[in-house]
Amino acid sequence: DLAALWKIWVPSTFLNFAFMPMWARVPWVAGTSLVWTIILSTMRGGDVSHKDDIEAPFPTGSTLTLVQEGLDDIFASPVDMDPSLAHICISGSGPDRIGHVAKMARTVADAGGNVTHSKMIRLGHEFVTLMHVGIEHEKRGDLIDSLRNEKDLKLLKIRASNLTRRQTGSYAHSVVGLKIHVVGPDRPGMLADITEKIAQRSMSIEDISTEIRRGRNGHRDFVVTAEVVTSIKMEQENLDSLVAEFQVLKEELNLSVVDIRVQM
């Protein structure tokens, strides 16, 4: 890490004392420290596919790629369905076994379908899947038949239903997207309290996931991550009001994390 430190801090220190006015020197050092912490964390992070490259004694292309991926995750937002394709919701549940996901994905691909959104999880001894597939209209029937007739998927009891794209004019156009991440001690009613707060602000949930995990303190934490959209233009005053409401909720539910990010 010493070579990487020199490459960041030596030029930064030279610029600081050579060109920065006295009042800007402390903010400059703080900014450099932030950049260095990000680079160091990325160089020593958990990316095993670029392990040798990242562990080099200097920032590399892989290091910067990981930083860029993190920024992309922050500003990403969901997209609507392709109007030129047929859209199918495929769901199923059954005894967990190795290969369910691979077999479903291969069957869809061989039939000409494209998986866009999916949620798959093991709950106890059951494996549950929910998948959105876009496909050409004339291939839709063949895809459904292939899934239902595939012997290796019989245990999942595959179900398929048509999805229709929302018609323009039948709903308010979304102008702002938000990503809400909440963590707190697990207790009954938390999801209801959080989603009611979202609904009261006239925000529509596009995607939401929850999980129970064991935190550093050994306690059970309930984690909610929601992507929501609203047709109301969010001026700074509206955002401040939203944050204030979730801060009240944070106190009421004893939440440890409340993170709200704007996705344009």
Practice problem: Find how much the distance from Asn162 to Phe17 grows on full extension, using 0.36 nm per residue of separation minus their present alpha carbon separation; answer in nm with one decimal. | Solution: 45.7 nm
Self-check item: For a label point 7 Å along the Cα-to-beta-carbon line of His219, residues of segment 233-264 with backbone N under 18 Å
Solution: 247-259
Exercise. Give the cross-link partners of Lys197 among the lysines, using a straight C-alpha distance below 27 Å as the criterion and excluding same-chain residues fewer than 8 apart.
Key: Lys119, Lys179, Lys233, Lys250
Quiz prompt | Segment Gln247-Cys89, length gained on full extension (0.36 nm per residue, minus Cα span) | solution = 53.2 nm
Quiz item: What percentage of the solvent-accessible surface of segment 202-264, computed with a 1.4 Å probe over protein heavy atoms, is contributed by carbon and sulfur atoms?
Solution: 44 percent
Self-check item: Net lengthening on full extension, Asn238/Asp259 (0.36 nm per residue, minus Cα-Cα)
Solution: 6.0 nm
Quiz prompt | Accessible area in square angstrom per residue, segment 194-264, 1.4 angstrom probe | solution = 63 Å²
Quiz item: Tell me, what % of the accessible area of segment 77-160 is carbon and sulfur with a 1.4 angstrom probe?
Solution: 54 percent
Practice problem: Between His181 and Ile98, take the C-beta separation as r, use R0 = 51 Å, and let me know the FRET efficiency to the nearest 0.05. | Solution: 0.95
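The values are calculated or read from the model by the stated rules, or taken from the named source; none is laboratory data. Values in this document were obtained by computation on a predicted structure and should not be read as measured data. Counting neighbours? That spans all protein chains shown, and the Cβs are built from the backbone with ideal geometry, glycine included. These accessible areas exclude ligands, DNA and RNA; they are computed on the full protein's heavy atoms, side chains included. Shrake-Rupley method; radii C 1.70, N 1.55, O 1.52, S 1.80 Å.
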